[in-house]
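This report concerns only the one structure given below.
The values are calculated or read from the model by the stated rules, or taken from the named source; none is laboratory data. Keep in mind the model is a prediction, meaning the values are calculated, not measured. For neighbour counting, all protein chains shown are included, and Cβ atoms are generated from backbone atoms with ideal geometry for every residue, glycine included. Keep in mind that these areas ignore ligands, DNA and RNA; they rest on the heavy atoms of the full protein, side chains included. Shrake-Rupley method; radii C 1.70, N 1.55, O 1.52, S 1.80 Å.
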Amino acid sequence: MAKYLDVHPVNPQPRLVQQIVDALHDDALIAYPTDSGYALGCRIGNRDGRDRILRIRGLDERHHLTLVCRDFSQLGQLVHIDNSAFRTIRSATPGPYTFILPAMPEVPRRLMHPKKRTVGVRIPDHTVVRAILDLLGEPLLSSSLILPGETEPRTLGWEIKEELDHQVDIVVEAGETPAEPTTVVDWSEGVPEVVRRGAGDPDRFA
């Protein structure tokens, strides 16, 4: 059964954040709230966690998983960002955007798109997520919690606990979350292409 942790959305309790991070270090899979609905997350090195995310979401190996970062400097260590993209991406973060960019050599190949060698990255604007990432000290391997046959991410922790009780290890509750997923911008070819319209304003990339 999944552990259900009720974390304060503005002042996250340090002991609960520590519990979450300790579980992640023990290769737990968590369902956690973001600024664009709930997501599934685990440590980058958690191979089983990655496979569990794909199973829960009903996805194949070609799906772009996302590396959720604490800040722009952490993001910049994972992907190539050319000069034309740098200012625009920086001005849009933190926020409800996912950017698809060429991965740096340090990113494990199993986390990249198998043909394009790209990966999704994002910096959420969410106090609880930032607290987790600060203590974890590395990005989270993540994917929006959109179940097969659905188009929007889950937004209610108790509902996720009921439905995925035996598929995730921790459900983090932290108040209301928006129902829209991130806006996804593919910048891997040097120009921005909006591939999914979501919570973030896509017009800034027109």
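Of all trypsin sites (Lys or Arg not before Pro) in the range 1-101, which ones are in loop regions per DSSP and have a Cβ with at most 13 other Cβ atoms within 10 Å? Kindly include the intermediate steps, with their values, before the conclusion.
Details: sites: Lys3, Arg15, Arg43, Arg47, Arg50, Arg52, Arg55, Arg57, Arg62, Arg70, Arg87, Arg90; in loops: Arg62, Arg70.
Filter output for the range 1-101: Arg62.
The Cβ shell under 12 Å around His8 holds other residues with a net charge of -1, Lys and Arg each +1, Asp and Glu each -1.
In percent, how large is the relative contact order of the range 12-117, given Cα pairs closer than 8 Å and 6 or more residues apart? Please report the intermediate quantities before stating the final value.
Values: 72 pairs, mean separation 21.8, N = 106.
21 percent.
Computed over Cα pairs, the Kirkwood radius of the chain leads via Stokes-Einstein (1.567 mPa s, 4 °C) to a diffusion coefficient of 77 µm² per second. Rolling a 1.4 angstrom probe over the chain with all protein chains present gives an accessible area of which 48% lies on carbon and sulfur atoms.
Each semi-axis of the equivalent ellipsoid for the range 118-182 is √(5λ) with λ an eigenvalue of the Cα gyration tensor; in descending order they amount to 20, 16, 13 Å.
Between amide H atoms placed 1.01 Å from N, distances below 5 Å from Glu173 occur with Leu5, Asp6, Val7, all of them 5 or more places distant or on a separate chain.
Note that the range 58-75 has calculated 3J(HN,Hα) couplings of x, 10, 9, 5, 7, 6, 6, 7, 10, 9, 8, 10, 6, 7, 5, 5, 5, 4 Hz, one per residue in order, obtained from phi through the Karplus relation 6.51 cos²θ - 1.76 cosθ + 1.60 (θ = phi - 60°); glycine and proline are x.
DSSP loop GluC sites (Glu not before Pro) in the range 139-194 with at most 13 other Cβ atoms within 10 Å of their Cβ, which ones? Passing sites in the range 139-194 are Glu150, Glu176, Glu189. With θ taken as phi - 60° and the Karplus curve 6.51 cos²θ - 1.76 cosθ + 1.60 applied, the whole-hertz 3J(HN,Hα) list for the range 110-116 is 5, 8, 8, 4, x, 9, 7 Hz, x standing for glycine and proline.
Please give me the summed charge of the neighbours of Asn46: other residues whose Cβ is under 12 Å from its Cβ, Lys and Arg +1, Asp and Glu -1.
With Lys, Arg at +1 and Asp, Glu at -1, the net is -1.
Bridges between two residues of the chain, per DSSP, are antiparallel at a rate of about 60%. Excluding same-chain neighbours fewer than eight residues apart, the aspartates and glutamates reachable from Lys116 by a Cα-Cα span under 14 Å are Glu61, Asp186, Glu189.
Normalised by the number of residues in the chain, what is the relative contact order in percent for Cα pairs under 8 Å and 6+ residues apart?
Values: 433 pairs, mean separation 69.2, N = 206.
Relative CO of the chain lands at 34 percent.
Reported to the nearest whole Å, the Cα centre-to-centre distance from the range 30-87 to the range 160-206 is 10.
Suppose R0 equals 41 Å; then what is the FRET efficiency for Asn83 and Arg62 from their Cβ-Cβ distance, rounded to the nearest 0.05? Numbers along the way, then the final one.
On the way: r = 29 Å, r/R0 = 0.71.
Efficiency, from the Cβ-Cβ distance: 0.90.
Which value in deg cm²/dmol, rounded to the nearest 500, describes the helix-derived mean residue ellipticity at 222 nm for the chain, given -39,500 (n - 2.57) per DSSP H run of n ≥ 4 and division by the residue count? Intermediate results must be reported in sequence, preceding the final value.
Numbers: 6 runs with 54 residues, N = 206.
Rounded to the nearest 500, it is -7500 deg cm²/dmol.
Rolling a 1.4 Å sphere over the protein heavy atoms, what is the accessible area per residue of the range 117-181, to the nearest Å²? Before the final figure, lay out each step's value.
Values: 2630 Å² over 65 residues.
I get 40 Å² per residue for this part.
Here, P(r) means the percent of Cα pairs in each 10 Å bin from 0 to the largest distance; for the range 1-83 it is 14, 42, 35, 9, 0.
The Cα-based radius of gyration and maximum Cα-Cα distance (Dmax) for the range 65-171 are 15.0, 46 Å.
Taken one residue at a time, the phi angles of the range 140-148 give Karplus couplings (6.51, -1.76, 1.60, θ = phi - 60°) of 9, 7, 8, 7, 4, 8, 10, 7, x Hz. Gly and Pro are set to x. Computed over the alpha carbons of the range 35-121, Rg followed by Dmax gives 13.1, 37 Å.
Across the options Leu135, Ala39, Pro108, the greatest Cα extent toward the positive end of the charge dipole of the chain (unit charges at beta carbon of Lys, Arg, Asp, Glu) belongs to Pro108.
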